[in-house]
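Please read the structure below before turning to the comments.
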Amino acid sequence: MMSNILPGTDVYTADNDKIGQVKEVRGGYFKVNAMGQPDYWLETDCCASGYAGGDVRLIFTKDKLGEHKIDESRVKAA
């Protein structure tokens, strides 16, 4: 789990597509402030990297994004 993901950090898929910025971090999840669509949650386990001053790279491509979105009720229960 990437525990050092910070709000404001850019988020990119494995195919280098910027999907937004980290809006909030809660436990093992982070919310993406998505560009042109509603915000959504992802698990920190799907990050290939994430560090202060850098960006977050996901382990999947943009076409697989929908498979990784987490329902907010699951995040609130965590």
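The values are calculated or read from the model by the stated rules, or taken from the named source; none is laboratory data. Note that this is a predicted model, so its numbers are computed, not measured. Cβ coordinates were reconstructed from backbone atoms using ideal geometry, including for glycine residues, and neighbour counts include every protein chain displayed.
Taking residues in segment 65-78 that are touching a residue at least 60 places away in the same chain (Cβ under 8 Å), and partners anywhere that are surrounded by 10 or more Cβ atoms within 10 Å (Cβ to Cβ) and in a strand (DSSP E or B), not one pair has Cβ atoms closer than 9 Å while being at least 6 places apart or on different chains. Would you confirm whether any residue within segment 48-64 is among the acidic types (D, E), modelled with pLDDT under 95, under 17 Å from G8 (Cα atoms) and in a loop (DSSP other than H, G, I, E, B)? The answer is yes, given that some residue of segment 48-64 is among the acidic types (D, E), modelled with pLDDT under 95, under 17 Å from G8 (Cα atoms) and in a loop (DSSP other than H, G, I, E, B). Only one of the numbered conditions (1) closer than 22 Å to S73 by Cβ; (2) part of a loop (DSSP other than H, G, I, E, B) is not met by N16, and that is (1). Within segment 1-38, if we keep just the residues that are of a type in the set (S, T, N, Q) and out of contact with any Ser or Thr (no Cβ under 9 Å at 6 or more places or on another chain), the residue that is modelled with the highest pLDDT turns out to be N33.
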